[in-house]
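Take a look at the structure set out below.
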Amino acid sequence: MTNANTATDQKNDFIRHIIRHDLAQNKYAKIVTRFPPEPNGYLHLGHVKSICLNFGIAAEFGGVCNLRFDDTNPTAEKQDYIDNIENDVKWLGFEWIGTPHHASGYFEQLYTWALQLIEQGDAYVDLQTLTQIRDNRGSFQIVGTPSPQRDASISDNLQRFDDMRQGKYGNGEAVLRAKIDMASPNMNLRDPVIYRVLHQTHHQTGDAWCIYPMYDYAHPLSDAIEEITHSLCTLEFEDHRPFYDWVIAKIGAKGGIKQAPHQYEFSRLNVDHTLTSKRKLKQLVDEGIVSGWDDPRMPTVAGMRRRGYTPEGLRDFCERVGVTKADSVVDFRMLEFSIRQSLDDTTARGMAVMRPLKVTITNFAEAVSEWQTLKSDSVQSRWDEGNKALWLTQPNHPNVDLGMRDIPFTEVIYIDQTDYELEPPQGYKRLSPSNTEIRLRNTYVLAVTEHILDAAGKVIELKATIDKTTLGQNPEGRKVKGVIHWVSASLGVPAIVRVYQHLFAVDDPASAEDVHSILNPNSLSEFKAVVEPSLANSAAGSRFQFEREGYFVADSVEHTPDSPVFNQIVSLRDSYKPS
């Protein structure tokens, strides 16, 4: 797998500075990081930054990065999520050593350590309801109220905790809490819950357990078990770090912890018009607002992959964003810039007409006869009598060797409706009643002789001629200003082409209470297009530049040669300039 890092010797963010210092001080023999997703949804753009950072750090410093599933909540977790997370990490170009880790694989050890906390007087079983526990935590202005069971004896707590494990309590009837400080200004230290009763089958452990550790308890201890050296988290976990350190210190060497991990926080990836809340993304899926987790409008890795984003582009984007301690919002166009950069020299070109306008070439037969006489060496071509088509062989890319393709040129073609305007705007350089001549990409210069209107005054067909001497040649004595794309009407293939805008109409969708109120009604547009045969015959997942239109991908789910479906990846260009 690709290690995904470029110019690593130039990176000097605060995390790498810390690691270099630790290595210089011989603090660790080997750097060990981890990417620890909760398998309660699909990975999204924010996770991509964490994946690139954790796996990138390990690769850069000759260390190891574990993939670990922090699967402590079986009510929200699925094997499907686990499978997709593994696929996403691999697709992004990273690999873990051995098999993935699971917090559930440590349940017995975590339980043993919970017993140690009870025996040390650092944990107790609380029999209050969850509502009472929440209300008694207090607020930033009011200190918390201790539980009636807070000072119960160690023997009573051991018995109650054993009863919890034996299933003698129902859901919500008992919890194990860390005994820290109910007056702490940090709410996370006001005797946080570390175990709860949950009669729920687990996707890894089955029905072996009816009590499950809380994330904030399992996470630092899982790090300790795996001997993680640098536990990299986003900034929202900064207030959780004191509890992280408390758990590690209380278990300590007595509990067998060989090396205390340390948590470091970096800013999460915030991109305008983009939502990265798993809960809200799941709402979009559950309510059918999008077609699924892999809807190309979704900021999930599955959605971005189906849309045609490249792993190289996503990695480049994360490198451009960098690693800091300060939260900020990144311009979405930076992401598009990185994707576009990764596509320019790697995607074949092709022609697709999004809004077909019929053009009949009235002197086509004469032009073919002329071609048969002259057989210009400037264009490789052949005549297909059965289909009455002149097949033109053209390179798939103007500057990179990506092979060749054959394009059928016929008497009737389609051009885009926007390439002929009855009343052209200022600066318009395509076809109009006053500008009747233009070059057809890869073939002849075409001149419009007539336009045909429907009852509503809309142009529905053009009559035209081609300059028989201009196949692969410039016309003599005049300059043709524009070039447009086209597709054969008889041999072109009907296709569905989907073009996307932001799913949300506001810059900061995370601030909206109701996602319905901020949905962009124009986030998806479908065109009944016509594409050249080489595009239709492509494999699902193949990426192309539709000339003059943008970059597109053959849909990984719906595309077939008989019924082509293409998704827009990104436009051809944007005003964004990287700094």
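Observations on the model:
- Residues of type lysines that LYS479 reaches as a straight line, Cα spacing below 17 Å, ignoring anything fewer than 8 places off in the same chain: LYS429, LYS468
- If you plug the beta carbon distance of GLN166 and GLN120 into 1/(1 + (r/R0)^6) with R0 = 25 Å, you get a FRET efficiency near 0.65.
- Potential lengthening between ALA510 and ILE18 on full extension [0.36 nm per residue; Cα-Cα distance subtracted]: 173.9 nm
- Cleavage-rule hits, chymotrypsin sites (Phe, Trp or Tyr not before Pro), the range 129-224, DSSP coil, Cβ neighbours within 10 Å at most 10: PHE140
- Summing charges over neighbours of HIS21, with a neighbour being any other residue whose Cβ is under 14 Å away from its Cβ, gives +1 when K and R count +1 and D and E count -1.
- Annotation: cysteines of the chain without a disulfide-compatible partner (Cβ-Cβ under 4.7 angstrom) are CYS65, CYS210, CYS233.
- Using a cut-off of 26 Å between Cα atoms, the listed pairs LYS168/LYS278; LYS27/LYS250; LYS49/LYS250; LYS358/LYS388 include LYS168/LYS278; LYS49/LYS250 as exceeding that distance.
- Lys/Arg +1, Asp/Glu -1 at C-beta; the range 308-435 dipole; positive extreme among LEU357, LEU343, VAL412: LEU343
- Compared with the dominant Cα axis of the chain, that is its longest principal axis, helix 107-119 is turned about 30°.
- Taking the longest Cα principal axis of the chain as reference, the axis of helix 332-344 is set at about 60 degrees.
- GluC sites (Glu not before Pro) within the range 435-544: DSSP coil, no more than 16 neighbouring Cβ in 10 Å: GLU476, GLU513
- Using C-alpha pairs under 8 Å with a sequence gap of at least 6, the mean separation divided by the residue count of the range 351-492 gives a relative contact order of 32 percent.
- The relative contact order of the chain, computed from alpha carbon pairs under 8 Å that lie at least 6 residues apart in sequence, is 12 percent.
- Once the Cα-Cα distance is subtracted from the 0.36 nm per residue extended length, the ASP345 to ASP80 segment shows a gain of 91.9 nm.
- Alpha carbon centroid spacing (whole Å) that separates the range 93-164 from the range 267-342: 35
- Its Cα centre serving as origin, the range 34-112 has a Cβ charge dipole (Lys and Arg +1, Asp and Glu -1) of approximately 200 debye.
- In a DSSP loop and with at most 15 other Cβ atoms within 10 Å, the trypsin sites (Lys or Arg not before Pro) in the range 310-356 are LYS325.
- Length added when fully stretched, GLN473-ASP156, from 0.36 nm per residue minus Cα-Cα: 104.7 nm
- Given charges at beta-carbon only (K, R positive; D, E negative), |dipole| of the range 460-575 in Debye: 800
- Summing charges over neighbours of ASN136, with a neighbour being any other residue whose Cβ is under 10 Å away from its Cβ, gives 0 when K and R count +1 and D and E count -1.
- Cα-centred dipole magnitude for the chain, charges only on beta-carbon of K, R (+1) and D, E (-1), debye, nearest 20: 800
- For LYS30, the lysines whose Cα falls under 18 Å of its own Cα, not counting residues fewer than eight places away in the same chain, are LYS258.
- Dipole of the range 155-248 [Lys/Arg +1, Asp/Glu -1 at C-beta], most positive-end residue of TYR169, SER184, PRO220: TYR169
- The range 30-82 versus the range 551-572: alpha-carbon centroid distance in Å: 30
- The chain, Cα convex hull volume normalised per residue, Å³: 194
- Helix-only CD estimate at 222 nm, as mean residue ellipticity for the chain, using -39500 (n - 2.57) per DSSP H run (n ≥ 4): -7500 deg cm²/dmol
Bear in mind these aren't lab numbers, they're just calculated from the coordinates by the rules spelled out. The structure presented is a predicted model; accordingly, all values stated were derived computationally and were not measured. Note that we place each Cβ from the backbone using ideal geometry, even for glycine, and neighbour counts take in every protein chain shown.
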